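Taking it in order: structure first as structure tokens, then the write-up.
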Ligand code: ATP
């Protein structure tokens, strides 16, 4: 059942429309990532839900209760910021206890809940340290404990990992997901990093220019992007414009600059201008994958550690291929036979996208 219900939310700053007609729900305990490029309205959405700014239109409900007129401090939500906002002059235990003190919780109960929260974030034993004596990852955990200790109805996290270096970010996103899962709180996490959204959330809400582009599970967004924007944002490097030339049971044929491609059946009718999206890692170089096949010549090879990223000139366009790094290094000038399956060929809304 829906716990957080957002309906037709809109916000402009003067003439600039930051959000428009945003509607979605989140279930109790669900982790939702707000994903999108800079300026798409992620922070605005978070601030509206927290009550820091007022919407021009639309409603916000938590547990069935209308929140629009409720001041931020009475919304029973906790917010986590990029810079953690820890009090430098308070030790870890006092930092975590702060929200409980504010709420007038008695000392023994406070102590019990602080211990519990620090155990949850794996920081038991560091109660007496000051923020300056902690690593970035530990500070992040203190901030999380401080937010969770008040048992908020909703936890709002704005780019929580952006201050950490790449390696720590990767560890922390797994840890954080596990901590949030155990806490059972409903969470909205703002991020512009698609990988972070994929790893940390139950569902992703992808925003573009203040409107919802797509909302779904990580698998939905990654495997089944509905629009050119969603496909591009989820790193589908191959977007080929075409027109639907035939529709049979379960599949369509799309006439493109690289030839006729067979794709999964979609909502579009014969004659519609569409874009075909193919993920680089789903394309094989040996022609063995079946349904779609084009010959090409390798133009560039980049080694990425886990894979080689190739640009292949094929059918008058550049096709990006991610080849497993386990085998022999592909060579520039090498002739290849690109192939991929029908089920890896997605027709997305919006025609005219060039392969990029
Ligand atoms: P980022 O990832 O860069 O933080 P965002 O997705 O969080 O971006 P918002 O900060 O919500 O985006 O901004 C949405 C739009 O509203 C942007 O075009 C931004 O310039 C504009 N905007 C945000 N805050 C204000 C403000 N206080 N006054 C005027 N315009 C604003």
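What follows is calculated from the coordinates using simple rules that are stated; it is not laboratory data. Here the structure is a predicted model, which is why all the values come from computation and not from measurement. Cβ placement follows ideal geometry from the backbone for every residue including glycine, while neighbour counts extend to all protein chains displayed.
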Next item on the list: Counting other beta carbons within 10 Å of each Cβ, put 43, 345 in order, fewest first.
Entry: 43, 345
Item checked: Diffusion constant of region 130-246 at 37 °C, which comes from Stokes-Einstein with the Kirkwood Cα-pair radius and 0.692 mPa s, µm²/s -> 205 µm²/s
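Relative to 2.2 N^0.38 Å, what does the C-alpha radius of gyration of region 184-332 come to as a ratio? Two decimals please.
Computed over Cα atoms of region 184-332, the ratio equals 1.17.
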Notebook entry, point to check: So in the chain, what percent of DSSP beta bridges are antiparallel if you round to the nearest 5?
Noted result: 75 percent
Check: Order of 102-110, 143-151, 236-244, 121-129 by packing, highest average Cβ count within 10 Å first?
Finding: 143-151, 236-244, 121-129, 102-110
Checklist line | Computed label-point distance, nm, for sites residue 165 and residue 313 using a 7 Å Cα→Cβ extension | finding: 4.1 nm
Check: If eta is 1.567 mPa s and T is 4 °C, what Stokes-Einstein diffusion coefficient results for the chain, Kirkwood Rh from Cα pairs, in µm²/s?
Finding: 57 µm²/s
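Could you work out the equivalent-ellipsoid semi-axes for region 25-68, taking the square root of 5 times each eigenvalue of the Cα gyration tensor, largest first, in whole Å?
19, 16, 7
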Next item on the list: Label region 106-198 by shape, choosing from rounded, prolate and oblate, from the square roots a ≥ b ≥ c of the eigenvalues of the Cα gyration tensor; if a/c is under 1.5 it is rounded, and otherwise prolate applies when a/b is larger than b/c, oblate when it is not.
Entry: oblate
Check: What order do you get for 91, 295 when you list them from fewest to most C-beta neighbours inside 10 Å?
Finding: 295, 91
Item checked: Acute angle (nearest 10 degrees) that the helix 166-183 long axis makes with the longest principal axis of the chain, alpha-carbon atoms -> 60 degrees
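So what's the back-of-envelope 222 nm ellipticity for the chain, counting only DSSP H runs of four-plus at -39500 (n - 2.57) apiece and dividing by all residues, rounded to 500?
For the chain, the value works out to -7000 deg cm²/dmol.
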Next item on the list: Could you give log10 I(q)/I(0) at q = 0.25, 0.26 Å⁻¹ for region 239-298, computed by the Debye formula over C-alpha point scatterers of equal weight, without solvent?
Entry: -1.11, -1.17
Next item on the list: Compute the relative contact order of the chain as a whole-number percentage, counting only Cα pairs closer than 8 Å that sit 6 or more residues apart in sequence.
Entry: 16 percent
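Rounded, prolate or oblate, given the Cα gyration tensor of region 1-151, with a/c below 1.5 counting as rounded?
Values: a/c = 2.35, a/b = 1.83, b/c = 1.28.
The shape class here is prolate.
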Notebook entry, point to check: What order do you get for 180, 120 when you list them from fewest to most C-beta neighbours inside 10 Å?
Noted result: 120, 180
Next item on the list: State, to one decimal in nm, how far the label point of residue 68 lies from the label point of residue 328, with both points 7 Å from Cα in the Cβ direction.
Entry: 6.8 nm
Item checked: Taking region 1-115 and dividing mean pair separation by its residue count, relative contact order in percent (alpha carbons under 8 Å, at least six apart) -> 23 percent
Check: Where does helix 92-102 land angle-wise versus the long Cα axis of the chain, in degrees 0 to 90, nearest 10?
Finding: 70 degrees
Notebook entry, point to check: So, in Å, what gap is there between the alpha-carbon centers of region 1-31 and region 300-335?
Noted result: 41 Å
Checklist line | Å³ per residue enclosed by the Cα convex hull of region 183-251 | finding: 127 Å³
